[in-house]
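K.L.:
Next up is a structure, given as structure tokens.
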Amino acid sequence: MINTFIGNLGHMMTIVAFVSALVTAYAYMQYFRANEIDKASWRRFSRISFYIHGVSATLIAISLFEIIYNHRYEYFYAYSHSSKALPVHYMISSFWEGQEGAFILWIFWNVVLGVILINTNKFWEAPVMVVFALVQAFLVSMILGVVIGDLKIGSSPFILLRDATQAPIFQMNPDFVPEDGTGLNPLLQNIWMVIHPPTLFLGYASTLVPFAFLMGGLVTKRYSEWIRPALPWAIFSAMILGMGIIMGAYWAYVTLNFGGYWNWDPVENAVYVPWLVLVASIHTMITFKKSATALKTSIVLVIMSFILVLYATFLTRSGILGDASVHSFTDLGLSGQLLIYLLFFALVAVVLSIRAWKNIPTSEKEASIYSREFWVFIGATTLGLMAFQVILPTSIPVWNTLVESFGGISNMAPPADQVEFYTKFQLWFAVALALLTAVGQFFWWQKMDKQTLKDTLVTPYIASVLLSAGIIVLAKVYDWKYIIVVLAGTFTIVANAVILSKILKRSTFKLAGGSLAHIGLGMMLIGIMFSSGYSDVISINMSGLTYSNSWEDELNKEHVLLWINKPTQMKDYTVTYRGRQKKVVGVPEYVPAKILESTGNVNQTIALEGYKDYFQKGDTVNLVLEENDYFKIDYYQNEKLQFSLNPMSQFNSSMGGLISSPDSKIYFDKDLYTYVAAMNDYEDPDWKDDEIYEVAPGEQFHVADFVTYFDGAEVLQELDDYVLQEGDVAVKAKLRILDFDVEKVLEPTFIIRNNQIGKIPVVDSELGIKVSLENILPEDNKFVFKVNQYQKDYVVMKAIVKPYVNVLWIGTIVMLTGFSVAIFRRFDEFKKMRDKGIE
């Protein structure tokens, strides 16, 4: 039966949220303009209105999750993004898999940030919350789902399936509800997809805060005072957005199988660019606080960071990227709204800035090459150039669409090899940035002239050269480009470590944020260089076989074929594929798939035999995502098992075939990264012709390529899953089959009832054989076996050694720690001034 209540509730709350956002914006405008007598009442009304908006936005999220959690597949959103097979944490992922859920997440974070601002900053409340409320009105309009004539405003997540599709079943039965949904994209079935999108959208949402303070400053003509309250939020936003980017990179590393963590996909670029601009704005804002310069630059950069977030949203959710990105969404008819959203705030920001430009204080003093202002400006310029170099090629689809909308023709295409194209520019920008962070820190913390600069840099320079030489020799870095990267990264780490040690000796840890963040940057640069530039493929195809005609020659050469149980040499390891496994609810390790048999119900199996102390034969065993297979690969050295890896694959026809996720062995100095590129399909085997064997008990013979022993037979008094009647004769033969170091026992059964013969064959999918006991010849003391063969189980696997990739991940942690320290310091400064009544 269709449940329309929860959908109606969600849709009603969407309308309430939209109206209350507009009312909040109007009320805060009146609060801002009101005289002292009326201010209190307008402030009370404004807050009540925003809290109503917050409650309604929260109820929207609760309503949508209720639909997903309770498998209400009468709703299009639940049917399209969820299924009964998903555990709860993946249901959470399915909440924001669709565009509407992502917008709801963004709306929710804005509510949280708005409540914090209302309760922490009374002076700026009115102008800031006007901007917040207007942004919320635009965001909620994206999920309104209201149609007025030919005008569609938003796409509602609460639309019924029968209203979203034209399937004939709904004409016959309007109340039809599918048994199950289409499920969550397999690539999103990862724990990082539970936490990466909320983090990223909190980063998106938080870019609004410094922008709102800036707009408030321009309106109230407090052209410089907005910096102090905005700065800790800008740092917070950069930290969270950076954390979201890093989580996305790590998700790609552990989930996708392109062998890396950053592919310069347009959607990745669209998040990376505003982060670069935001980091540049933080540096110029800090410079202004220190020396009253770079205020106009800060204004431009803060506006650009927020507008670029809106532009990123337009790129990824308007459908304009088409096939240029694996991450982009299809167009739900929101491209016009997204464009209006972008242009509205861009226009407002530009108009307010132009109106106030001549009144914004500037420094007439020319920056010396030995001043910190000069080096911060150069650093901010470098970040801006990095962003510019990425956003232009990424925007080629936008340019083509724009030209075509005016009747023109544009044949511009994005870079064919986007990794090579972007890396060759971004690598040198990153080197320049690393050197600037090293030198610039010395200018920041002490006054410099030519001689002082030489004296200050000589020690970190010598130390970094010696350390770099050691790294270059030990790690065998012979490429001149990578040598420069090592020198730049090492110099950054050493120079900032020197500054950090001086800060800790002379002052408090809360001043160490910049040095820590820059040390993290140097580590990331070195980690990226080693893990990307010196990756070593060790799964070399020595067989000469072509695994797939659709693969390029290089791909066929970089994969190894592993037959089950057959040891194969792979550089320093002997690897053996041991079979498929499943994840079982309540079992902390993988379970062999061969001992589980599906009941036909979602994620439910029957145990064919017991497994340790976890379950017994005949128990009902629940799986975690039954479509996922985990392939056990054992790694040996000197005939001793060193470790096992379990890369995952599933066959998904809706996504074009095999979907694979890697598994890695993590060492301190490297990762061994593996994934399955092809696998045997034994769901519907094409058995070969019959092979007949007459064998006496105790005799050895060969079945296919396997040495087989017939250990004899026994008469059964009872038989599993079969009721023997009086007069029945059941005989079970025992065959031992040797497959390298594994011994398997197959026991086909022969039944005689009323002079009729019945046979219960045994199938071993791993060995690819089916054996049945066809006849018993007592006069010859022989048994007749029929054997049919199929393809023995195998996987085609790629293995890559990624050196020092953990230097990258540790570097990100150090950098984020630096951001956290800086946030604490800047908020503490703001809080002291606020408590004095200055802010």
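FYI, it's all coordinate maths here, none of it is from the lab. Predicted model, so just to flag it, every value in this text is computed and none were measured. Using ideal geometry, Cβ is built from the backbone for each residue, glycine included, and neighbour counts are taken over all protein chains shown.
K.L.:
Give me the extension gain from I484 to A346: residue separation times 0.36 nm, minus the current Cα-Cα distance, reported in nm with one decimal.
P.N.:
Working: separation 138, 0.36 × 138 = 49.68 nm, distance 4.00 nm.
45.7 nm is the gain from fully extending I484 to A346.
K.L.:
Now a separate question. If you fit an axis through the alpha-carbon atoms of helix 396-405 and take the longest principal axis of the Cα set of the chain, what angle between them do you get, 0 to 90°, nearest 10?
P.N.:
Here the helix axis deviates by roughly 80 degrees.
K.L.:
Find the Cα radius of gyration of region 373-489, compare it with 2.2 N^0.38 Å by division, and give the number to two decimals.
P.N.:
On the way: Rg = 20.1 Å, N = 117, 2.2 N^0.38 = 13.4 Å.
Compactness ratio reported: 1.49.
K.L.:
Taking the highest mean first, how do the peptides 289-296, 242-249, 432-439, 157-164 order by number of other beta carbon atoms within 10 angstrom per residue? List each step's numbers first, then the result.
P.N.:
Values: 289-296: 18.1, 242-249: 21.1, 432-439: 22.8, 157-164: 19.6.
Going from most to least packed, we get 432-439, 242-249, 157-164, 289-296.
K.L.:
With 22 Å as the limit, write out which pairs from K84/K632; K744/K792; K759/K792; K476/K632 have Cα-Cα distances beyond it, or answer none. Walk me through the numbers before you get to the answer.
P.N.:
On the way: K84/K632 27 Å; K744/K792 14 Å; K759/K792 24 Å; K476/K632 33 Å.
Distance filter (> 22 Å) returns K84/K632; K759/K792; K476/K632.
K.L.:
So what J values fall out for region 737-751 if you push phi through Karplus, 6.51 cos²θ - 1.76 cosθ + 1.60 with θ = phi - 60°, rounded to Hz, Gly and Pro as x?
P.N.:
10, 9, 10, 6, 8, 10, 10, 10, 10, 10, 10, x, 10, 10, 10
K.L.:
Excluding residues on the same chain fewer than 8 positions from K221, give the lysines whose Cα lies under 26 Å from its Cα.
P.N.:
Leaving aside lysines fewer than 8 places away in the same chain, those within reach of K221 are K39, K122, K289, K290, K296, K358, K365, K831, K832, K836.
K.L.:
Say R0 is 51 Å: what FRET efficiency, to the nearest 0.05, do S363 and L402 get from their beta-carbon distance? Display every interim value, and only then the final one.
P.N.:
Numbers: r = 39 Å, r/R0 = 0.76.
That pair, S363 with L402, gives E of 0.85.
K.L.:
At what distance in angstrom do the alpha carbon centres of region 21-60 and region 668-739 lie from each other?
P.N.:
75
K.L.:
Among (1) 27.1; (2) 31.1; (3) 29.3, only one was calculated for this model; which label is it, if the read-out is Kirkwood radius over Cα pairs in Å?
P.N.:
Given (1) 27.1; (2) 31.1; (3) 29.3, the structure-derived one carries the label (2).
K.L.:
Put a dot 7 Å past each Cα toward the Cβ at K831 and K665; how far apart are the dots in nm?
P.N.:
4.9
K.L.:
Can you list residues whose amide H is under 5 Å from L623's amide H, if they're 5+ apart or on another chain and H is modeled 1.01 Å from N?
P.N.:
The answer is V585, Q604, T605.
K.L.:
Answer with one residue from A497, G527, V135: the one whose Cα lies farthest towards the positive end of the charge dipole of the chain, charges on Cβ with Lys, Arg +1 and Asp, Glu -1.
P.N.:
So the residue we want is A497.
K.L.:
Oh, and also: How big is the C-alpha Rg of region 188-414 next to the rule-of-thumb value 2.2 N^0.38 Å, as a ratio?
P.N.:
Details: Rg = 18.7 Å, N = 227, 2.2 N^0.38 = 17.3 Å.
So the Cα radius of gyration is 1.08 times the expected 2.2 N^0.38 Å.
K.L.:
Same structure, new question: For K502, list the aspartates and glutamates whose Cα falls under 16 Å from its own Cα; do not include residues on the same chain fewer than 8 positions away.
P.N.:
Candidates past the 8-residue exclusion: D455.
K.L.:
Angle check, please: helix 805-835 long axis (alpha carbons) against the longest principal axis of the chain (alpha carbons), in degrees 0 to 90, nearest 10.
P.N.:
Approximately 40 degrees, to the nearest 10.
K.L.:
Taking 0.36 nm per residue of sequence separation and subtracting the Cα-Cα distance, how much length would be gained by fully extending the chain between A40 and H702, in nm to one decimal? Can you show the working numbers first?
P.N.:
Details: separation 662, 0.36 × 662 = 238.32 nm, distance 9.33 nm.
Between A40 and H702, full extension yields 229.0 nm more.
K.L.:
Measure off 7 Å from each Cα along the Cα-to-Cβ vector at Q446 and D572, then give the distance between these two points in nanometres to one decimal.
P.N.:
If labels sit at Q446 and D572, their model points lie 4.4 nm apart.
K.L.:
Pop the C-beta distance of R355 and K152 into the FRET formula with R0 = 35 Å and round what comes out to the nearest 0.05.
P.N.:
On the way: r = 35 Å, r/R0 = 1.00.
Efficiency, from the Cβ-Cβ distance: 0.50.
K.L.:
Sorted by packing (mean other beta-carbon atoms within 10 Å per residue), highest first, where do 391-403, 118-130 land?
P.N.:
On the way: 391-403: 17.2, 118-130: 19.9.
Sorting 391-403, 118-130 by mean packing, highest first, produces 118-130, 391-403.
K.L.:
What is the list of residues in region 58-75 whose amide nitrogen lies under 17 Å from a point 7 angstrom out from the Cα of F170, following Cα to Cβ?
P.N.:
Counting backbone N atoms under 17 Å from the label point, the list is 72-75.
K.L.:
I would also like to ask the following. What residues have an amide H closer than 5 Å to that of S82, excluding those fewer than 5 places away on the same chain, when H is modeled at 1.01 Å from N in the peptide plane?
P.N.:
Here T182, G183 satisfy the definition.
K.L.:
If you don't mind, there's one more thing I want to ask. Report the Cα centroid-to-centroid distance between region 86-149 and region 577-625 in angstrom, as an integer.
P.N.:
Answer, in whole Å: 42.
K.L.:
Something else about it: How much length is gained if the chain between D689 and V745 is pulled fully straight, taking 0.36 nm per residue apart and subtracting their Cα-Cα distance, in nm to one decimal?
P.N.:
Numbers: separation 56, 0.36 × 56 = 20.16 nm, distance 2.26 nm.
Full extension from D689 to V745 adds 17.9 nm.
K.L.:
Report, in deg cm²/dmol and to the nearest 500, the calculated mean residue ellipticity at 222 nm for the chain, where each DSSP H run with n ≥ 4 adds -39500 (n - 2.57) and the sum is divided by the residue count. Can you show the working numbers first?
P.N.:
Values: 22 runs with 423 residues, N = 839.
That calculation yields -17500 deg cm²/dmol at 222 nm.
K.L.:
Hey, quick one: spin label on D536, modelled 7 Å out along Cα-Cβ, who in region 798-820 has an amide N within reach, i.e. under 13 Å?
P.N.:
What the label zone holds, given the 13 Å backbone N cut-off, is 800-804.
K.L.:
Per-residue counts of other Cβ atoms within 10 Å, averaged by peptide: what ranking do you get for 595-601, 507-513, 374-380, highest first?
P.N.:
Working: 595-601: 13.0, 507-513: 15.7, 374-380: 21.0.
The packing order, highest mean first, is 374-380, 507-513, 595-601.
K.L.:
Taking the number of other C-beta atoms within 10 Å as the exposure measure, put S56, S281 in order starting with the fewest. Don't jump to the answer; show the numbers that get you there.
P.N.:
Working: S56 23, S281 32.
Ordered from fewest to most neighbouring Cβ atoms within 10 Å, S56, S281 come out as S56, S281.
K.L.:
Once you place label points 7 Å from the Cα toward the Cβ at F388 and D163, how far apart are they in nm?
P.N.:
Each label point is offset 7 Å from its Cα along the Cβ direction, giving 4.9 nm.
K.L.:
Name the long-range amide H neighbours of L658: under 5 Å, sequence gap of 5 or more, or other chain; modelled H, no Pro or chain starts.
P.N.:
N652
K.L.:
Output the 0 to 90 degree angle, nearest 10, between the alpha-carbon long axis of helix 295-317 and the longest principal axis computed from the alpha carbons of the chain.
P.N.:
The two axes meet at around 30 degrees.
K.L.:
Give the distance, in whole Å, between the Cα centre of region 385-450 and the Cα centre of region 631-647.
P.N.:
Each part's Cα centre sits 43 Å from the other's.
K.L.:
How high is the FRET efficiency between N185 and V19 when r is their beta carbon distance and R₀ equals 30 Å, given to the nearest 0.05? Please list the in-between numbers first.
P.N.:
Details: r = 34 Å, r/R0 = 1.14.
Efficiency, rounded to the nearest 0.05: 0.30.
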